[in-house]
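The values are calculated or read from the model by the stated rules, or taken from the named source; none is laboratory data. Every value quoted in this text rests on a predicted model; they were computed, and no experiment measured them. Because the Cβ atoms are built from the backbone with ideal geometry, glycine has one as well, and the counts that use them run over all protein chains shown.
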Amino acid sequence: MVQPARTLDSMNGKARLAVWKFTSCDGCQLSLLDCEDELLQLAGCVDIAYFMEAASDPAPGPYDLSLVEGSVTTPDELKRIREIRAQSQILVSIGACATAGGIQALRNFADVDDFIAAVYAHPEYIDTLKTSTPISAHVPVDFELNGCPINKRQLLEVISAFLHRRPPQVPAHSVCIECKMRGNVCVWVAHGTPCMGPVTHAGCGAICPAYSRGCYGCFGPKENPNTTSLCDWWQQELGAEKTVVIENLRNFNAADPVFEAASRRREDGGGQE
């Protein structure tokens, strides 16, 4: 996770907040709107200068804090993210698309021209990049908030942290810790269900294991994940097919360097990451 590199210089008036959308489903922006009562309090502390999901009268920059949802997938987005970075004192990428390319990063493992030809009647009108990449691949990012979608409580913590000039307190442990805290029975141990929990960043509250489903890795890799051990155990002890292992690594965080490297090695027939 990227550590904060900047702090807000002027705290005399309200900090100017901007929320931006790139290639994504809008789910992380909706997480901010879902804050409801907290959002009213936030509006009393900051000036929401740009947020097209919530208002149609955007104000020009510069901005004290920019939240960016979505991955970079078109030449226009590549240009726009550089412009946003230049106008933003602090830039935070939010959600799996912005931090790890999102589900659309599956294009990175194939020829995007084949996809375009299969979907569009006139491929020549489509202007897109070969890959879907996180915001940090193109501009400096001060903090990355994982999730698909993000946890709204963690988002409020990140905003509050930067407003008060302190590092965000977002835990880096795995979903397994959340399972213990929630009192869940381990689906892996009890039922032999393949689960991404041991290598996945906490934040969801262990929702899927609470309903006897394996974790899907929505929040990306935790700090120092042992993907080699997890993949070996899935295949050797749980009898999971190699394609199942690869599909789980190439889920919501397909372009995350840790998951991508692990999936490519499995695809190539290797077992060591």
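Points to keep in mind about this one:
- Matching residues, the range 87-134, being touching a strand residue (DSSP E or B) at 6+ places or on another chain (Cβ under 7 Å), within 16 Å of PRO149 (Cα to Cα) and not small (Gly, Ala, Ser): VAL92, ILE94, CYS97, THR99, GLN104, PRO134
- Residue list for the range 223-242, filter: among the polar types (S, T, N, Q) and either farther than 28 Å from GLY70 by Cβ or under 14 Å from the mean Cα position of the chain (by Cα) (or both): ASN226, THR228, SER229, GLN235, GLN236
- Within the range 261-273, considering residues that are exposed (fewer than 15 other Cβ atoms within 10 Å of the Cβ) and in a loop (DSSP other than H, G, I, E, B), the one modelled with the highest pLDDT: ASP268
- Test for ILE135: is it buried (at least 17 other Cβ atoms within 10 Å of the Cβ) and of a type in the set (Val, Ile, Thr): yes
- Scope the range 49-74; condition farther than 23 Å from ILE150 by Cβ and small (Gly, Ala, Ser); matching residues: SER56, ALA59, GLY61
- One residue alone among ALA86, ALA43, ALA59, ALA49 is over 21 Å from CYS25 (Cβ atoms), among the aliphatic types (A, V, I, L, M) and modelled with pLDDT of 95 or more, and that residue is ALA86.
- Every condition in (1) crowded, with 22+ Cβ neighbours inside 10 Å; (2) touching a helix residue (DSSP H, G or I) at 6+ places or on another chain (Cβ under 7 Å); (3) among the aromatic types (Phe, Trp, Tyr) holds for TYR216 except the one numbered (1).
- Restricting the range 232-260 to residues that are of a type in the set (A, V, I, L, M, F, W, C) and part of a loop (DSSP other than H, G, I, E, B) leaves a set whose member that is surrounded by the fewest Cβ atoms within 10 Å (Cβ to Cβ) is LEU238.
- The lone exception for GLU157 - which of (1) farther than 26 Å from VAL92 by Cβ; (2) in the same structural domain as SER31 (by TED's automatic domain parsing) it fails: (1)
- Looking at ALA86, ALA121, just one residue is of a type in the set (Gly, Ala, Ser), in a helix (DSSP H, G or I) and surrounded by fewer than 12 Cβ atoms within 10 Å (Cβ to Cβ), and that residue is ALA86.
- Output for the range 89-118, where each listed residue is of a type in the set (Gly, Ala, Ser) and either in a strand (DSSP E or B) or not assigned by TED's automatic domain parsing to the domain that holds PRO140 (or both): SER93
- Among the residues making up the range 28-72, those that are over 23 Å from THR133 (Cβ atoms) and either β-branched (Val, Ile, Thr) or not assigned by TED's automatic domain parsing to the domain that holds THR131 (or both) are VAL46, ILE48.
- Filter result (under 14 Å from GLY197 (Cβ atoms) and among the polar types (S, T, N, Q)) within the range 225-242: ASN226, THR227, SER229
- Taking each residue of the range 202-228 that is more than 21 Å from GLY183 (Cβ to Cβ) and looking for partners that are assigned to a loop (DSSP other than H, G, I, E, B) and among the charged types (D, E, K, R) with beta-carbon atoms closer than 9 Å, six or more apart or interchain, yields GLY220/ASP256; PRO221/ASP256; ASN226/GLU273; THR227/GLU273; THR228/GLU273.
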